[in-house]
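To keep things clear, I will list the structure first and then write my remarks on it.
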Amino acid sequence: MADDWVDACAADDIDEEDVIRFDHGARTFAIYRTDDNVYFATDGLCTHEQVHLADGLVMGSIIECPKHNGRFDFRTGAAKGAPVCVDLATYPVKVEGGRVFLNLG
Amino acid sequence: MTKAGIVIVGAGEAGARAAITLRAEGYDAPLTLIGDERHAPYERPPLSKATIVSEAAPAIPTIGDAAGLVGSNIDHLTSVCVVSIDRSARNVALSNGRALAYDKLLLATGAKPRRLAIKGADAAVYLRNFDDSLALRGHMKAGRRIAIIGGGFIGLELASSACALGCEVMVIEAAPRILMRGVPSAIADIVASRHRAAGVELATGATIAGVSRTGDHHIVTLANGRKIEADCLIAGIGAAPDIALAEAAALSIDNGIAVDGRLRTSDPHIYAAGDCASFPHPLYNGRRIRLEAWRNAFDQGAFAAKSMLGAAEEYQAVPWFWSDQHDLNLQIAGLVDEGRETVARDLGEGALLLFHLTDDGRLAAASAVGPLGKIAREVRLAEMLIARRARPDRQALASPDVKLKSLLAA
């Protein structure tokens with residue numbers, strides 16, 4: 001539904017090949033920008049031990065948890081090996097007028 | 001071909017990770033994981049922190065719950081010890097009277113807390129396992145006086161947890177400062193200030209003259225005459241590798257069970273991994289090191305599994321560990337004492353990153369303290385630079401404007 005789009009941040013709030021945290025209500029998310037300016041969003045907390053992924057390192061399309069180096073492909077949310085074995089939820093993203101919107105519906 | 005299978009002694013991080021990896025790699029012969037605790041394998045990092053401070057009754061932080069041990073046809077024996085290894089017959093004798101044959105044996109026996117050799121300190125509490133952590137949780141009630149002997153990682157993480165629970169906390173350290181082993185003084189100073197700001201008293205350079213106890217009332221007397229009263233006495237004075245089995249089986253010992261780059265002991269059918277094993281590190285001219293850290297146990301467990309299945313690579317992961325104290329995260333990648341020169345980078349918000357360079361300018365280690373979100377990425381990038389034996393420009397390292405990622409591309 002159109003109403004589910006939430007204005008999260010400015011497109012240039014996120015550096016290329018980087019990630020920021022976005023809190024909305026009681027929920028927390030991670031929003032990613034690739035080095036070719038495509039944006040993605042996932043749940044904020046690592047599925048392994050509740051550490052925020054926005055504190056982690058983005059390399060290509062991989063986000064690495066800052067504590068245990070659990071890795072996810074942030075485009076699909078797929079867990080990429082131990083110690084993480086549960087995939088991350090992902091959310092549709094659109095960029096309009098220099099703003100990044102997440103669909104949390 | 002015999003198929004006695006693989007036996008793993010020790011069901012901690014290294015042992016459990018090895019078992020999970022063996023199955024993940026398609027190993028389908030018998031696989032036995034022997035643990036002396038009653039629990040399923042679990043992660044130890046939360047034991048000094050979340051397990052103690054969580055409001056709800058703590059759940060055991062089980063390893064590999066979703067895809068690992070469950071349903072993998074791993075024979076996990078609980079509350080059983082291995083009492084001896086018969087290397088010529090290739091079997092191990094268990095405390096329950098059974099014997100188990102092996103094709104390959106992995107020793108992942110871990111380390112045991114060093115005990116205080118002080119009369120009167122017999123009631124000191126130590127932390128190694130989940131049950132120890134539950135006992136500490138019971139002791140750390142608001143208003144209680146907690147005396148902690150040892151200003152290393154375990155002692156300081158427990159001080160932080162006790163402080164969060166409203167205890168009155170005193171840390172007693174014999175060395176002139178906390179975190180003497182492996183942590184640069186500039187980093188340790190920031191950690192010490194944070195503890196003091198939180199109300200933890202740090203008595204450094206403090207020699208213990210004696211300990212006495214009446215019931216739950218402990219008195220630690222320092223050499224300077226000061227008497228410290230406490231309702232609970234905790235000791236975190238380091239750990240020693242558990243080498244008893246290996247020693248009795250006449251395997252080579254050198255600050256732990258000595259293994260080669262493939263984690264093989266002096267017996268080609270026996271491997272060792274994790275806290276109990278010392279190994280040559282190719283990044284540091286083959287210097288033999290032993291690490292007591294979650295990541296090392298995790299990595300070496302998986303590595304030993306592949307090595308037992310025939311992989312020929314040498315273990316060369318950059319040593320790395322972290323600690324959480326109050327709202328600070330501390331991380332170290334590499335071996336700080338391999339550095340001769342230090343370059344500092346101010347990360348803002350009180351976060352500090354140090355680069356440790358060898359005489360010829362190679363990045364040997366990086367250490368940092370600050371909020372997790374300030375330091376984690378930088379240390380991870382530094383770790384990659386260390387693995388590449390990079391010789392980064394000193395000015396670039398010192399300048400917060402130069403992204404470490406850009407140095408990786410160089």
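Lacking any other cysteine beta-carbon closer than 4.7 Å, the following Cys residues of chain A have no compatible partner: A:CYS9, A:CYS85. Taken along the Cα-to-beta-carbon direction at a fixed 7 Å, the label points for B:ASP359 and B:ASP346 span 3.3 nm.
Of all DSSP-defined beta bridges confined to chain B, some 65% are antiparallel rather than parallel. Averaging 1/r across all pairs of distinct Cα atoms in chain B and inverting the result yields a Kirkwood radius of 22.6 Å.
Each residue of the stretch B:187-332 gets 174 Å³ once the volume of the Cα convex hull is shared out per residue. Amide H to amide H distances under 5 Å link B:ILE257 with B:ALA277, B:SER278, where only residues 5 or more positions off or on other chains count and H is placed in the peptide plane.
The equivalent ellipsoid that matches the C-alpha gyration tensor of the protein assembly as shown spans semi-axes of 36, 31, 24 angstrom, in descending order.
Each label was represented as a point 7 Å from its Cα along the Cα-to-Cβ direction; for B:HIS217 and A:VAL95 these points are 6.9 nm apart.
Taking the 1.4 Å solvent-accessible surface of chain B as the whole, the part contributed by carbon and sulfur is 49%.
Calculate the FRET efficiency for B:ALA311 and B:ILE118 from the Cβ-Cβ distance with a Förster distance of 45 Å, rounded to the nearest 0.05. Don't skip to the end; give the middle numbers.
Working: r = 46 Å, r/R0 = 1.03.
E between B:ALA311 and B:ILE118, to the nearest 0.05, is 0.45.
Quickly estimate the mean residue ellipticity at 222 nm for chain B, helices only: each DSSP H run with n ≥ 4 gives -39500 (n - 2.57), and the total goes over all residues, rounded to 500. Display every interim value, and only then the final one.
On the way: 10 runs with 98 residues, N = 410.
-7000 deg cm²/dmol, from helical runs alone.
Name the residues of the stretch B:39-65 whose accessible area, probed at 1.4 Å, falls by at least 40 Å² once all protein chains are in place instead of their chain on its own? Listed by number, the residues meeting the 40 Å² cut-off are B:GLU43. Calculated accessible area for chain B comes out at 41 Å² per residue, all protein chains present (probe 1.4 Å; ligands, DNA, RNA ignored).
Take the accessible area of B alone and of A alone, subtract that of the pair with a 1.4 Å probe, and the total buried over both chains is about 1800 Å². Taking the centroid of alpha carbons for each part, the stretch B:1-54 and the stretch B:305-378 are 27 Å apart.
Using r as the Cβ-Cβ distance of B:LYS141 and B:ASP103, and R0 as 60 Å, what FRET efficiency do you calculate, to the nearest 0.05? Don't skip to the end; give the middle numbers.
Working: r = 51 Å, r/R0 = 0.85.
My answer for the efficiency is 0.75.
Note on B:372-385: average number of Cβ atoms from other chains within 10 Å of each residue's Cβ is 3. Each label was represented as a point 7 Å from its Cα along the Cα-to-Cβ direction; for A:GLU16 and B:ARG388 these points are 1.7 nm apart.
Looking at the stretch B:6-43, the trypsin sites (Lys or Arg not before Pro) that sit in a DSSP loop and have at most 16 other Cβ atoms within 10 Å of their own Cβ are B:ARG38.
Among B:ALA124, B:ALA230, B:ALA142, the largest mean-square fluctuation in a Gaussian network model of chain B (Cα springs under 10 Å) belongs to B:ALA142.
If R₀ is 51 angstrom, what is the calculated FRET efficiency for the pair B:ARG177 and B:ALA4, using the beta carbon separation as r and rounding to 0.05?
Numbers: r = 51 Å, r/R0 = 1.00.
Computed FRET efficiency for B:ARG177 and B:ALA4 comes out at 0.50.
In plain terms, the chain from B:GLU201 to B:ASN73 could stretch by 41.1 nm, reckoned as 0.36 nm per residue minus the Cα-Cα distance.
Based on the convex hull around the alpha carbon atoms, the stretch A:2-103 presents an average projected area of 5.9 nm².
The values are calculated or read from the model by the stated rules, or taken from the named source; none is laboratory data. Everything numeric in this text was worked out from a predicted model, so none of it was measured. With ideal geometry, Cβ positions are generated from the backbone for all residues, glycine too; neighbour counts draw on all protein chains shown. Accessible surface areas use protein heavy atoms only, side chains included; no ligands, DNA or RNA. Shrake-Rupley method; radii C 1.70, N 1.55, O 1.52, S 1.80 Å.
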